[in-house]
Amino acid sequence: MSEPLRVIDFGCCPPLRSQTLWHAIGYGVSAGAPAALSFVRPAAPYVCVGYHRGLDEVDLEYCREHGLPVLRRMVGGGPVYLDADQLLFQICLPAGAVSPARQQALHLLLEPAVAAFRAVGVPAGLDEDLEICLGDTKVCGHGAGQIRDAVVVCGNLIEQFDHARAVRVLAIADPAQRDQTLALMRRFVAATPVDPVAFRAAMTTAYAAALGLDPVPGQMTGTERAALAELDELFVSDAWLAGPARRAAPPAAEPVARQVKVRAGVWTLSATRDGARVAAALVKGRVHRVRLYDRGLDGSTGQAEQALIGLPLTAVAPALAAFGDPGRRLAAAFGAAEPGRL
Amino acid sequence: MEMAGWAFVAGFPLALDRRYEAETHMWVLVTEPGRARIGMDPVGIETSGTLAQLSFAPVGTELAVGRPFGQLEAAKFVGPLVSPVSGVVLGVNDAVAANAGLAERDPYGAGWLIEAGLDESGGELAGLLADPAEITAWFTTKIARYRLEGVIAQ
């Protein structure tokens, strides 16, 4: 007889509980409770930041003014905007049940979600970056992590997506970069408005089959309920929200640079250096859109921008060199945005 | 190529001047009595995927065998860095915290993770792999097993 897979539908919950409930399941599975597939829908919009990410990536003032809570999760990924039009799902297993190779574990735990999308009529696939996509458009965000001795992979069914708000909650000072980010998000992130009841059923079938487990309606254990109370406190504490010790500070305050990931392989960046300013949209390592500013460019700004479209990042500096000192300043600003790390 | 204190096993460098925790692939290099540097070997790093972030418990945090002293993130997967010793965190490698890729490029050197003050008993060190022949055999077997299981590339 197969081991059970608890299927727990938490329904519609306040933002805090839409995170802490499934983190508590992680504690429970770690303590020996059966594996669980859980679902929760946030009752209100909020912003959720990946474990390692800085709060400076979020426009905290905007969030405060608009009553959007900001929470930090224990799993990875970037800051995301979540609301009632997204059904969040989580699969949680003992750490020993999955491969020690994280990519392999992620693949194993995302494939059933892909199967569920397909079962409800969305011909999704898992791309080489382990994004769940429809063509080249991401249709499901995901994050993963080990919570004590349990592995959790979470994702979402996006029934509708407020692209504008998803970009607005991010701290992006450069208006050109903000516009580019929104354009790319509209192009590369999409909703799949399928019946959530059918999706839950398909997810249950797919995960049970893939993991060889017997799906049963589940409840939280006593350990999990106790953990929930702890997590409710932890997640609203300033210390937790601040995140782990930040990365070592860069050597100087200037240049100012900002990178925003829209999906794997799709980024925007902006940077300022010595009076030169760049804002660029990058798709699969090539310049998709770019805005340049340098006083010395005079009337050749458009020409310089056009010269960069379609170029791989390695070709940007040589192309800008044709525009003399302003081109070199712009190339330095481009380099300051560390496109090599994207 | 062979160098003193080193072996190369199935394409992975292996430093033989330190101790290893067999499950977590953490190494422990005693730098002076009661003090050790801790890092992750290349096989541990390989199974993690491309490292995006590393974070460590602050200096002064108590360490316990089997408990996390930090977290690593690769491919949106956050997982614990598990301590092979008990003691206290004496220092963290800010350079690797700022650039996790350093642990991939130089796992035995500049990519070290934390410095630990060891518990006085020092008994835990005896539980780690220390003999070069034993370390090499473990590393060889582990790589072969991981390759057979597809955990790491052939």
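Structure above, values below:
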quantity: Distant-in-sequence amide H partners of B:LEU81 (H built 1.01 Å from N, under 5 Å); calculated: B:PHE69, B:GLY70, B:GLN71, B:LEU72
quantity: Antiparallel %, DSSP beta bridges [both residues in the protein assembly as shown], to 5; calculated: 85 percent
quantity: Kirkwood-Stokes translational diffusion coefficient of the range A:26-175, alpha-carbon pairs, 20 °C, 1.002 mPa s, µm²/s; calculated: 131 µm²/s
quantity: Of all accessible heavy-atom area on chain A, the percent that carbon and sulfur account for (1.4 Å); calculated: 54 percent
quantity: Mean residue ellipticity (222 nm) of chain A, computed from DSSP H runs ≥ 4 via -39,500 (n - 2.57), nearest 500; calculated: -11000 deg cm²/dmol
quantity: Size of the A/B contact, given as accessible area buried on both chains, probe 1.4 Å, in Å²; calculated: 2200 Å²
quantity: Mean accessible surface per residue for the range A:144-266, computed with a 1.4 Å probe while every protein chain stays in place, in Å²; calculated: 47 Å²
quantity: Paired Rg and Dmax values of the range B:19-123, which use every Cα atom, in angstrom; calculated: 12.5, 39
quantity: Lys, Arg +1 and Asp, Glu -1 on Cβ, resulting dipole of the range B:19-123 about Cα centre, debye, nearest 20; calculated: 120 debye
quantity: 10 Å Cβ neighbours from other chains, averaged over peptide B:77-86; calculated: 5
quantity: For chain A, built as a Gaussian network whose Cα springs stay under 10 Å, the top-fluctuating residue of A:ARG72, A:ARG53, A:ARG64; calculated: A:ARG64
quantity: Compactness of chain A - radius of gyration and Dmax, Cα, Å; calculated: 21.8, 76
quantity: Lysine pairs within the protein assembly as shown, Cα separation less than 24 Å, 8 or more sequence positions apart or different chains; calculated: 6
quantity: Accessible-area composition of the range B:37-154, carbon plus sulfur, in percent [1.4 Å probe]; calculated: 54 percent
quantity: Acute angle (nearest 10 degrees) that the helix A:196-211 long axis makes with the longest principal axis of chain A, alpha-carbon atoms; calculated: 80 degrees
quantity: Nearest-20 debye value, the range A:256-341 charge dipole, Cβ charges on Lys, Arg, Asp, Glu; calculated: 420 debye
quantity: Farthest toward positive dipole pole in the protein assembly as shown [+1 Lys/Arg, -1 Asp/Glu at C-beta], among B:THR61, A:LEU228, A:VAL47; calculated: A:VAL47
quantity: Positive-end residue of A:PRO123, A:LEU170, A:THR205, charge dipole of the range A:104-248 with Cβ unit charges; calculated: A:LEU170
quantity: About the Cα centre, charge dipole magnitude for the protein assembly as shown (Lys/Arg +1, Asp/Glu -1 at Cβ), debye; calculated: 1220 debye
quantity: Helix-derived mean residue ellipticity, 222 nm - over chain B, DSSP H n ≥ 4, -39500 (n - 2.57), to 500; calculated: -6000 deg cm²/dmol
quantity: Segment A:GLU128-A:ASP325, extension gain: residue separation times 0.36 nm, minus the distance between their alpha carbons; calculated: 66.9 nm
quantity: Rounded to whole Hz, the Karplus (6.51, -1.76, 1.60) HN-Hα couplings of the range A:285-298, x for glycine and proline; calculated: x, 10, 6, 9, 9, 8, 10, 10, 9, 7, 4, x, 6, 6
quantity: A:GLU65 versus A:ALA84: modelled label distance in nm, points set 7 Å from Cα along the beta carbon direction; calculated: 2.4 nm
quantity: Cα-based helix-to-principal-axis angle, A:324-336 vs chain A, degrees rounded to 10; calculated: 20 degrees
quantity: Note, ³J(HN,Hα) from phi for the range A:57-74, Karplus 6.51, -1.76, 1.60, rounded to Hz, x at Gly and Pro; calculated: 7, 10, 7, 5, 5, 4, 4, 5, 4, 9, x, 9, x, 10, 10, 10, 9, 8
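The values are calculated or read from the model by the stated rules, or taken from the named source; none is laboratory data. Remember, predicted model here, so these are calculated numbers, not experimental data. Note that we place each Cβ from the backbone using ideal geometry, even for glycine, and neighbour counts take in every protein chain shown. Ligands, DNA and RNA are excluded from the accessible area calculation, which covers all protein heavy atoms including side chains. Shrake-Rupley method; radii C 1.70, N 1.55, O 1.52, S 1.80 Å.
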